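Data block below; observations after.
The values are calculated or read from the model by the stated rules, or taken from the named source; none is laboratory data. All values reported here derive from a predicted model rather than from experimental measurement. Cβ coordinates were reconstructed from backbone atoms using ideal geometry, including for glycine residues, and neighbour counts include every protein chain displayed. Ligands, DNA and RNA are stripped out before the accessible areas are found, and what is left, the full protein with its side chains, is counted by its heavy atoms. Shrake-Rupley method; radii C 1.70, N 1.55, O 1.52, S 1.80 Å.
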Amino acid sequence: MSLHRRIAACTVCAEHLPLGPRPIVQFSATSRIVVIGQAPGRITHHSGIPFDDKAGERLADWLGVDFDTLHDPARIAIVSMGFCYPGKASGGDKPPRPECAPRWHQAIWDELPEDRLTLLVGAYAQTAYLPQTRRWTMRERIERHAEFLPRFLPLPHPAWRSTLFMRDNPWFEAKVLPELRRLVSERL
């Protein structure tokens, strides 16, 4: 059975998921850009398409690609820390389920090109893949993004709250986004 099918059939944490399991990932052996987010939201759970919402529109804009390119697994992999919608919590969604990343990420990485750029979108992905920065703020990780290149690039989550981040940190749009777009363009 292919890795895609094994992931689609996963029910490991079904008892914790209010809408039931629906693992959502996209990747192929040619994906040279990887987006590691938090977990699918409710809209994504229903559509089955990762970042199929306003956050996805903003992410595509940040990357300098159109919405179709963002959702082209031959070019961009989208592999979150949790593959299923975890449910609501006060102030947003619950954290991603802890079972997914250790169970599936390495198998996915083994299928991807070595020269990929991995975008760590939000604090969950950043603390998992940059554990030495666990005590840093997300702002510090993003501001010091050059320290993690060429392998990783930390970004805020493109949800509506990122508007506040961008307002408070104008250097993000002035310096990080142009570099992000250049790196993405090189790999596409």
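Annotations
- Within region 140-170, the residues that satisfy the criterion of being modelled with pLDDT under 95 and not in a loop (DSSP other than H, G, I, E, B) are Ser162, Thr163, Leu164, Phe165, Met166, Arg167, Asp168.
- Pair list, Cβ < 8 Å and 6+ apart or interchain, from region 145-167 residues that are touching a residue at least 60 places away in the same chain (Cβ under 8 Å) and closer than 11 Å to Leu180 by Cα to residues that are crowded, with 19+ Cβ neighbours inside 10 Å and of a type in the set (Gly, Ala, Ser): Leu155/Gly122
- Just one of the numbered conditions (1) surrounded by fewer than 19 Cβ atoms within 10 Å (Cβ to Cβ); (2) more than 16 Å from the chain's Cα centre (by Cα) is not true of Leu130: (2).
- Candidates in region 9-57 are the residues that are among the acidic types (Asp, Glu) and crowded, with 18+ Cβ neighbours inside 10 Å; of these, the one that is farthest from Arg103 (Cα to Cα) is Asp53.
- From Ala60, Ala77, Ala89, residue being surrounded by 15 or more Cβ atoms within 10 Å (Cβ to Cβ), among the small types (Gly, Ala, Ser) and free of Cβ contacts under 8 Å to residues at least 24 places away in the same chain: Ala60
- Against the criterion of being free of Cβ contacts under 8 Å to residues at least 60 places away in the same chain and among the aliphatic types (A, V, I, L, M), Leu70 qualifies.
- Residue within region 102-116 that is surrounded by 20 or more Cβ atoms within 10 Å (Cβ to Cβ) and not in a loop (DSSP other than H, G, I, E, B) present: no
- Lys94 fulfils the conditions (1) in contact with a Leu (Cβ under 8 Å, 6 or more places away or on another chain); (2) open to solvent by 70 Å² or more (accessible area, probe 1.4 Å) except for a single criterion, (1).
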